[in-house]
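Chemist: My structure is below; once you've seen it, I'll send some questions.
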Amino acid sequence: LIWPSKSTESDHLLRLQERAMWIALKCVDLEVVVVDLNVSRIAAWNSDKLPIYEPGLDEVVKACRGRNLFFSTDVKKHVAEADIVFVSVNTPTKTRGVGAGKAADLTYWEGAARMIASVSTSSKIIVEKSTVPVKTAEAIEKVLRCNCTSASVRFDILSNPEFLAEGTAVADLANPDRVLIGGKGGPAGRAAIEELAAVYARWVPQDRILRTSLWSAELSKLTANAMLAQRISSMNSISALCETTGADVQEVAHSIGKDSRIGPKFLNASVGFGGSCFQKDILNLVYICETLGLKEVADYWHAVITMNDYQKQRFVERIITSMFNTISRKNIAIYGFAFKKDTGDTRETPAIDVCHGLVADGAHCVIYDPQVGADQVHRDLATPKFEWDHPSRGQAAIAGRDEIKVVKDPYTAAHGAHAICVLTEWDEFAHYDYQKIYDNMVKPAFIFDGRNVLDHAELRKIGFIVYALGKPLDPFL
Ligand code: UDX
């Protein structure tokens, strides 16, 4: 069982590799090899310091490594030996050419398929783990068939999209809502589906293992992420309405979430969604619709991203107008840079856009995040984004080391600051000594809570001017 991945932007792939580790934990009789061309990443998996932070992962690796879980850079050897190959390669958004900014780039996938075909001397099940545009499997199958020299080798392609979320990966692996396996019709296709289903059946109840066609499985992944992101954008749109009417978005979310048809999850208004999947998958969906001539469908889903950009921009504008229409040379402490709590991942984090917005208006940002270091922050803020990706950001200033400082504790971050912005919902943010923080800030001291995780009444008692997203505004704001 092999997981090749070749990419420099690899956090999501590492998450996919976690699935392999879970299979090793649950299936002692299977030998699982995680293969990767990246030498330092494999060395990290073989060391005490794993290449990603994920609660509970250390224990899983410790239990299986050297038993039936191995990490190797010898991709060809292990692919040749494998019965099932899970392919988790990067499928980034294309940056040039046809579909730039929306379509998925399948270069790595095609390369992996050519390599698998060239080294295979026995039949294999090829499992598509990366999120790919609908009908990728068809193309991959052609590449495999045309590049395999042995006529007796058979490839059965399955789509098995990954639904685990960062920060909760181990729990998601242990107790998934569903496992989705898409395959071809006919006896061979169905047998391949059942072979993979038998692996999952070791710990997943049968009624949660769904069997579909290849195309349904591929499209389900894009649709699931688009629907989740759409819920957040819907609540974020309502948060703007709440602020202008005096309603409370958390009360609205609670009330509608009680309707069992809506349900309570993914209704938290925020400064914006981030992460490697939501925006990329929606853009991908939009591109597929456009290429199929479904303009209205494309526009519908694109609005989810438009609303997300609006929310980040609105947050920055609120900060500027509240602080007397100028943040020039003011110090703003940023609490949280990761795209969500319990992860050090920063891809598409709303913090990037917010910091760019603040710096463009002359502010100095002092950033603290429990898991994100200075190098990462500086790299993220120095990377120009594509015009088509975030038109609203346009020519935003590329923040340098003068405007952006990264510190190792929250009290230092807020020392001498005019304001604090909460951009990630880390639990620890609720437990600081805010009296001590307030005493060392410039007055009036502002807090802009972009995640609604702080005790706002308590902060107001201390003397802070508090902006709570989607809630009745302080008269001062
Ligand atoms: C997502 C999907 O949830 C997962 O199924 C898929 O496999 C990969 O993409 P992930 O990107 O790890 O997972 O994070 P997720 O928990 O979905 O959060 C995405 C973003 O939405 C984060 O920035 C989060 O803070 C934000 N969010 C989430 C909200 O703003 N409000 C909410 O109510 C929930």
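The values are calculated or read from the model by the stated rules, or taken from the named source; none is laboratory data. Just so it is clear, the structure is predicted and the values come from calculations on it, not from any experiment. For neighbour counting, all protein chains shown are included, and Cβ atoms are generated from backbone atoms with ideal geometry for every residue, glycine included. The protein model used for the area step is the full one, side chains on, heavy atoms only, and it has no ligands, DNA or RNA in it. Shrake-Rupley method; radii C 1.70, N 1.55, O 1.52, S 1.80 Å.
Chemist: With the alpha-carbon atoms as the only input, what is the per residue convex hull volume for the range 46-199 in Å³? Walk me through the numbers before you get to the answer.
Modeler: On the way: hull volume 23.3 nm³, N = 154.
Spelled out: Cα convex hull of the range 46-199, divided by residues, is 152 Å³.
Chemist: Moving to a separate point now. Could you list the residues of the range 204-240 with an amide nitrogen less than 17 Å from a label point located 7 Å from the Cα of Ala188 in the Cα-to-C-beta direction?
Modeler: Backbone N within reach: 214.
Chemist: Now, a different point. What's the percent breakdown of Cα-Cα distances in the range 83-133 across 5 Å bins, shortest bin first?
Modeler: Binned Cα distances yield the sequence 5, 20, 26, 20, 14, 8, 5, 2.
Chemist: Here is a follow-up. Which distance in Å, rounded to a whole number, links the C-alpha centroids of the range 184-230 and the range 443-467?
Modeler: Rounded to whole Å, the Cα centres lie 46 Å apart.
Chemist: Quick one: grab the alpha carbon gyration tensor of the range 304-391, order the square roots of its eigenvalues as a ≥ b ≥ c, and give me rounded if a/c is under 1.5, else prolate or oblate depending on whether a/b is larger than b/c.
Modeler: Working: a/c = 1.61, a/b = 1.15, b/c = 1.40.
Judged from the Cα gyration tensor, the range 304-391 comes out oblate (a/c at least 1.5, b/c at or above a/b).
Chemist: Given Cα pairs under 8 Å that are at least 6 residues apart, what percent is the relative contact order of the chain? Mind dumping the intermediate values first?
Modeler: Values: 906 pairs, mean separation 55.9, N = 477.
With pairs under 8 Å counted, the relative contact order is 12 percent.
Chemist: Report the semi-axes of the equivalent ellipsoid for the chain in whole Å, largest first, where each axis is √(5λ) for an eigenvalue λ of the Cα gyration tensor. Don't skip to the end; give the middle numbers.
Modeler: Details: eigenvalues 364, 110, 89 Å².
Three semi-axes, in Å: 43, 24, 21.
Chemist: Okay, next question. Roll a 1.4 Å probe over the protein chains and send me the accessible area per residue for the range 205-266 in Å². Could the numbers behind the result be given before it?
Modeler: Values: 3340 Å² over 62 residues.
Averaged over the residues of the range 205-266, the accessible area is 54 Å².
Chemist: Also, I was wondering about something else. Report, by chain and number, residues whose modeled amide H sits under 5 Å from the one on Lys471, excluding near sequence neighbours (fewer than 5 apart, same chain).
Modeler: Sorted by chain and number, the residues that satisfy this are Val249.
Chemist: Return the long-range amide H neighbours of Ser123 (sequence gap of 5 or more, or a different chain), with a cut-off of under 5 Å between placed amide H atoms.
Modeler: Arg154
Chemist: Using +1 at the Cβ of each Lys and Arg and -1 at the Cβ of each Asp and Glu in the chain, identify which of Leu180, Leu57, Gly272 lies farthest towards the dipole's positive end.
Modeler: Highest projection toward the positive end goes to Leu180.
Chemist: Out of all DSSP beta bridges in the chain, what portion is antiparallel? Express it as a percent rounded to 5. Mind showing how you got there, number by number?
Modeler: On the way: 2 of 43 bridges.
Around 5 percent of the beta bridges assigned by DSSP in the chain are antiparallel ones.
Chemist: Let me ask something else about it. Report the label-to-label distance for Ser234 and Ser255 in nanometres (one decimal), using points 7 Å from each Cα along the Cα→Cβ vector.
Modeler: Taking the simple label geometry, Ser234 and Ser255 are separated by 1.6 nm.
Chemist: Another question, if that's okay. Using just the Cα positions, wrap the range 126-207 in a convex hull and report its mean projected area in square nanometres, one decimal place. Spell out each step's value before the answer.
Modeler: Numbers: hull surface 26.4 nm².
Averaging across all directions leaves 6.6 nm² for the Cα convex hull.
Chemist: Moving on. To two decimal places, what compactness ratio does the range 123-163 give when its Cα radius of gyration is scaled by 2.2 N^0.38 Å? Write out the running numbers ahead of the final one.
Modeler: Values: Rg = 11.0 Å, N = 41, 2.2 N^0.38 = 9.0 Å.
Dividing the Cα radius of gyration by 2.2 N^0.38 Å gives 1.22.
Chemist: Right, next: What three numbers, in Å, describe the spread of the alpha carbons of the range 149-267 along their principal axes, ordered from the longest?
Modeler: Sorted largest first, the three principal extents are 70, 28, 26 Å.
Chemist: Another question, then. Taking each pair of different alpha-carbon atoms in the range 235-363 once, compute 1/r for the pair, average those values, and report the inverse of that mean as the Kirkwood hydrodynamic radius in Å to one decimal. Walk me through the numbers on the way to the answer.
Modeler: Details: mean 1/r = 0.0603 Å⁻¹.
After inverting the mean inverse Cα-Cα distance, the result is 16.6 Å.
Chemist: Ok, one more. Quote the FRET efficiency, to the nearest 0.05, computed for Phe324 versus Arg96 with a Förster distance R0 of 56 Å and r equal to the Cβ-Cβ distance. Provide the component values of the computation, followed by the final result.
Modeler: Details: r = 43 Å, r/R0 = 0.78.
With R0 = 56 Å, the Cβ-Cβ based efficiency is 0.80.
Chemist: Whole angstrom only: what separates the Cα centroid of the range 97-176 from the Cα centroid of the range 325-339?
Modeler: Answer, in whole Å: 42.
Chemist: OK, next. If each DSSP helix of 4+ residues adds -39,500 (n - 2.57) and the sum is divided by the residues in the chain, what number results at 222 nm, nearest 500 deg cm²/dmol? Please list the in-between numbers first.
Modeler: Values: 17 runs with 205 residues, N = 477.
Result for the chain, helices only: -13500 deg cm²/dmol.
Chemist: If you don't mind, another one. Once amide H atoms are built 1.01 Å from N in the peptide plane, which residues 5 or more positions from Ile367, or in another chain, come under 5 Å H to H?
Modeler: Hits under the 5 Å cutoff: Ile334, Lys405, Val406, Val407.
Chemist: What helices in the chain pass both tests, a Cα length along the helix axis of 30 Å or more and a mean Kyte hydropathy of -1.0 or higher, using whole DSSP H runs?
Modeler: Helices meeting the span and hydropathy rule in the chain are 214-245, 295-322.
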